[in-house]
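Undergrad: One structure coming up, written as structure tokens, with questions to follow.
Each value in this text was obtained by applying a stated rule to the coordinates, not by laboratory testing. Here the structure is a predicted model, which means the values were calculated and not measured. So basically every Cβ, Gly included, is an ideal-geometry build from the backbone, and we count neighbours across all protein chains shown.
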Protein chains: 2
Amino acid sequence: MLSDVYRQYIACLNAQDWASLGMFVHDALQYNGRALTLDDYREMLKRDFREIPDLFFDIRLLIEEPPRIACRLRFECTPKADFLGLHVDGKRVVFCENVFYAFRDGKIDNVWSVIDKAAIEAQL
Amino acid sequence: MLSDVYRQYIACLNAQDWASLGMFVHDALQYNGRALTLDDYREMLKRDFREIPDLFFDIRLLIEEPPRIACRLRFECTPKADFLGLHVDGKRVVFCENVFYAFRDGKIDNVWSVIDKAAIEAQL
């Protein structure tokens, strides 16, 4: 099942198992319409964990229609300073991300993500 | 197919056919964790069209796993004044909404929506 692969991908992120990221993500992908390499994508994720040390991806809704997945992720975390241009500054915030993925040959090659920035603003 | 029902729902919104909304939406629903009546939901949509006269729901991605739907909607429109607390003020903006729906007996009874507010901010 593609959703099983996706759950393994999320477990890989939560474990910060960067060596395994290439098992789930292609060497070249599109992220919100921008071309990224796997290295770019890994650096983006590593930066997220640097800026949010208690970052944890919590799957709340998962819809599968191969080769695509849609997921609603919930975050309850403490960004150290700025996040999405907001001065979160060590406050605990709760927000969701609704995100679509397209898979090719069992690996992600396209991501369309929207993070609920308005929900974070309402908590600051 | 649930996706056919969903496409009819979106056509209903684009036609502002408010008399038919109850064919697609239950009398009581949850919207981003908030309890709404069908009347509340209709009023929210009517207000959106008042504030954004050229509002048009454009389906870009649609994933179906009954009883749930996930959709990425694209908007290219001209909010007259404020939108999501931003002073859009008649500027043409392009943004997406990633949204999940749960259906019961063929009608929507739960919506989880995230609008890409950061994308709009970047255009102002």
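Undergrad: What does the copy distance list look like for A:Asp105, label position 7 Å along Cα→Cβ, in nm and ordered from shortest?
TA: The answer, with the shortest distance listed first, is 4.9 nm.
Undergrad: Next question. Per residue of B:89-98, count partner chain C-beta atoms within 10 Å of its C-beta, then hand back the mean as an integer.
TA: Working: counts 0, 0, 0, 0, 0, 0, 1, 7, 2, 13.
That works out to 2 on average.
Undergrad: At 7 angstrom along the Cα-to-beta-carbon line, where would the label on B:Asn14 sit relative to the other copies? Give the distances in nm, shortest first.
TA: Once sorted, the set of distances for B:Asn14 reads 3.9 nm.
Undergrad: How far, in nm to one decimal, is A:Arg60 from itself in the other copies if the label point is set 7 angstrom along Cα toward Cβ? Shortest first, please.
TA: For A:Arg60, the inter-copy label distances come out at 2.2 nm.
Undergrad: Right, another one. Just want the ordering: B:Ile115, B:Ile52, from fewest to most Cβ atoms lying within 10 Å of their own Cβ. Write down the numbers at each step before the final one.
TA: Details: B:Ile115 21, B:Ile52 18.
Final ranking by Cβ density, sparse to dense: B:Ile52, B:Ile115.
Undergrad: Take the Cα atoms of chain B, find their three principal axes, and give me the spread along each one in whole Å, biggest first.
TA: 42, 27, 26
Undergrad: If you take the beta carbon distance between A:Met1 and B:Leu2 as r and set R0 to 22 Å, what does 1/(1 + (r/R0)^6) give as a FRET efficiency, to the nearest 0.05? Walk me through the numbers before you get to the answer.
TA: Details: r = 20 Å, r/R0 = 0.90.
Using R0 = 22 Å, I get an efficiency of 0.65.
Undergrad: Want the number for B:Arg92 to B:Lys80: 0.36 nm per residue separation, take away the alpha-carbon distance, what's left? Intermediate results must be reported in sequence, preceding the final value.
TA: Details: separation 12, 0.36 × 12 = 4.32 nm, distance 0.95 nm.
So the chain would gain 3.4 nm between B:Arg92 and B:Lys80.
Undergrad: Set the bar at 27 Å for Cα to Cα. Now go through B:Lys80/B:Lys107; A:Lys91/B:Lys46; A:Lys80/B:Lys91; A:Lys91/B:Lys107; A:Lys91/B:Lys91; A:Lys46/A:Lys91 and name every pair that lies beyond it.
TA: On the way: B:Lys80/B:Lys107 32 Å; A:Lys91/B:Lys46 36 Å; A:Lys80/B:Lys91 34 Å; A:Lys91/B:Lys107 39 Å; A:Lys91/B:Lys91 34 Å; A:Lys46/A:Lys91 20 Å.
Beyond 27 Å between Cα atoms: B:Lys80/B:Lys107; A:Lys91/B:Lys46; A:Lys80/B:Lys91; A:Lys91/B:Lys107; A:Lys91/B:Lys91.
Undergrad: How big is the convex hull of the Cα atoms of the protein assembly as shown, per residue, in Å³? Let's see the in-between values first.
TA: Values: hull volume 30.4 nm³, N = 248.
Here the figure is 122 Å³ per residue.
Undergrad: Something else: In degrees from 0 to 90, rounded to the nearest 10, what is the angle of the helix A:38-51 Cα long axis to the longest principal axis of chain A?
TA: That works out to roughly 20 degrees.
Undergrad: So, one more: FRET efficiency for A:Met23 and A:Arg104, Cβ-Cβ distance as r, R0 = 22 Å, nearest 0.05? Could you put the intermediate results ahead of the total?
TA: Details: r = 14 Å, r/R0 = 0.63.
About 0.95, to the nearest 0.05.
Undergrad: Then there's this: List the longest stretch of chain B that has no exposed loop site; here a site is one of the trypsin sites (Lys or Arg not before Pro) assigned by DSSP to anything other than H, G, I, E or B, with at most 14 other Cβ within 10 Å. Spell out each step's value before the answer.
TA: Numbers: sites that count: B:Lys80, B:Lys91, B:Arg92.
Between the exposed loop sites, the longest stretch runs B:1-79.
Undergrad: I'd like the distance between the alpha-carbon centres of segment B:15-74 and segment B:76-124, rounded to an integer number of Å.
TA: A separation of 11 Å, based on Cα centres.
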